[in-house]
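Remarks on the structure that follows.
Read the figures in this text as sums done on the coordinates, not as results from a lab. Every value quoted in this text rests on a predicted model; they were computed, and no experiment measured them. Positions of Cβ are generated from backbone atoms using ideal geometry, with glycine treated the same way; all protein chains shown enter the neighbour counts.
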Amino acid sequence: MSEFANVVPVQTRILPVVLILDTSGSMREDDKIDVLNESVLEMINELNEVDAGHGYITLTLITFGGENAKVIQRNTPVASITFTPLKAGGKTPMGDAFLLASELIENQEEISSKAYRPTIALVSDGLPVPSLTDELDSLLRGKRGSKSSRFVIAIGADADQEMLAKFSSTGDVRVASEAAEIRNFLQWVTNTVTQNTITNLDSREKQKDLSDDSIKRLRQDDAF
């Protein structure tokens, strides 16, 4: 039996990505929901290509439209996602979406404590009803939520830019005058995640090479 037979493989350290997407009735206007669907699919495909089967990048899709927010995909490896186009309608229950996101990222049984900090991107074109101060604070004050990288785009003049600036980890809000800019925003988020992925995978490969060298030395007759 090998001296390494009982060694437990190191668990993949994941990079969780969370998209919080507005699917309220106003997203039907000016082809916004269609552009959003196309952009999310492009993002999934690009992240899947970068991940290359490592199971490193996971994606959560949370939508808010109608009466409640919903988790469409929950911390799923990008290679395992089958995306169904989203439909728009109803109110803007953004607060529910913040609570769902907070519950997910703070749950260490769902996302290991060894995971990298979450990347959270919010797309919205309207005013949330009712006020969501408590829900947003719940997300921002969480152990992981406070350390997460949070990006946001406001589409049109009706978006609550003051609230969205509070959501953003940098205080910056990307303002879009037309639906086409959703694609640019999600492409930018994709590029950010991609750079983190490449950097971290390179680091893991270097650690693996060092580990392999250590095992080879241990197997030498004069190791001790």
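Things to note:
- With only Cα atoms counted, the range 15-219 has Rg and Dmax values of 17.9, 67 Å.
- The string of couplings for the range 178-186 from the Karplus curve (6.51, -1.76, 1.60, θ = phi - 60°) is 8, 4, 4, 6, 4, 4, 4, 5, 5 Hz, one whole number per residue in order, with x for Gly and Pro.
- Segment ARG117..ALA165, full-extension length gain: 15.3 nm, with 0.36 nm per residue of separation and the alpha-carbon distance subtracted.
- Loop GluC sites (Glu not before Pro), the range 109-198, which have at most 11 other Cβ atoms in a 10 Å radius of their Cβ (DSSP): GLU109
- Rounded to whole numbers, the Karplus 3J(HN,Hα) couplings from phi for the range 132-143 are 10, 4, 5, 5, 5, 4, 4, 5, 6, 8, x, 4 Hz, using 6.51 cos²θ - 1.76 cosθ + 1.60 with θ = phi - 60°, and x at Gly and Pro.
- Rg over Rh, two decimals, the range 59-153 (C-alpha only, Kirkwood Rh): 0.95
- Theoretical FRET efficiency, 1/(1+(r/R0)^6), r = Cβ-Cβ of GLU67 and THR192, R0 35 Å, to 0.05: 0.60
- Full-stretch length increase - ALA52, THR133 - with 0.36 nm per residue and alpha-carbon distance subtracted: 25.2 nm
- Net charge over other residues, Cβ less than 14 angstrom from the Cβ of MET43 (K, R count +1; D, E count -1): -4
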